[in-house]
Amino acid sequence: MEHPKWMDDPAVAHIAPEKLEFLQALVFESRGLSQKEMFPFLMSIMKKAKSKNITFEENEISLLIQTIKKYSSEEELSTIEKMLAVKKKG
């Protein structure tokens, strides 16, 4: 997995590297999933995060989403929007 540019953005420099790596894995693994597939995927990811004691504060989530969007392709933006839509429904 390549190291994306968003991880070097100064806006996220204060966020723990293991959180950034976890989030990058989430984005990478979710590519190509339909909205129907997204919910079970997110549930398994949340379980994995909990087992690794990885949690995100609400302000971290907002900052990360904004930062990732700055560097995202159209396909990646679509995936992010699907994830956000699933989160809002849940």
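Tabulated values for the structure
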| read-out | value |
| --- | --- |
| Residues of region 1-18 classified as within 20 Å of SER73 (Cα to Cα) and not in a helix (DSSP H, G or I), total | 5 |
| Members of region 63-75 found to be in contact (Cβ under 8 Å) with a residue 12 or more places away in the chain, surrounded by 13 or more Cβ atoms within 10 Å (Cβ to Cβ) and of a type in the set (Lys, Arg), listed by number | none |
| Pairs with Cβ under 8 Å, 6+ apart, first in region 48-62 and over 13 Å from GLU21 (Cα atoms), second part of a loop (DSSP other than H, G, I, E, B) | GLU60/ILE15 |
| Residue, surrounded by the fewest Cβ atoms within 10 Å (Cβ to Cβ), within region 76-90, restricted to residues that are of a type in the set (D, E, K, R) and at pLDDT below 75 | LYS88 |
| Pair list, Cβ < 9 Å and 6+ apart or interchain, from region 13-36 residues that are of a type in the set (A, V, I, L, M, F, W, C) to residues that are assigned to a loop (DSSP other than H, G, I, E, B) and exposed (fewer than 13 other Cβ atoms within 10 Å of the Cβ) | PHE22/LYS52; ALA25/MET1; PHE28/MET1; PHE28/GLU2 |
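Matching residues to (1) part of a helix (DSSP H, G or I); (2) within 11 Å of the chain's Cα centre (by Cα):
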residue: LEU20; (1), (2): yes, yes
residue: PHE39; (1), (2): yes, no
residue: MET43; (1), (2): yes, no
residue: ILE54; (1), (2): no, no
residue: LEU64; (1), (2): yes, yes
residue: GLU75; (1), (2): yes, no
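Per-residue answers, yes or no, for (1) closer than 18 Å to MET83 by Cβ; (2) at pLDDT below 85:
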| position | (1), (2) |
| --- | --- |
| HIS3 | no, yes |
| VAL27 | yes, yes |
| LEU42 | yes, yes |
| ALA49 | yes, no |
| GLU60 | yes, no |
| LEU64 | yes, no |
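The values are calculated or read from the model by the stated rules, or taken from the named source; none is laboratory data. Keep in mind it's a predicted model, so treat the numbers as computed, not measured. Don't worry about glycine lacking a Cβ; one is built from the backbone with ideal geometry, like all the others, and counts go over all protein chains shown.
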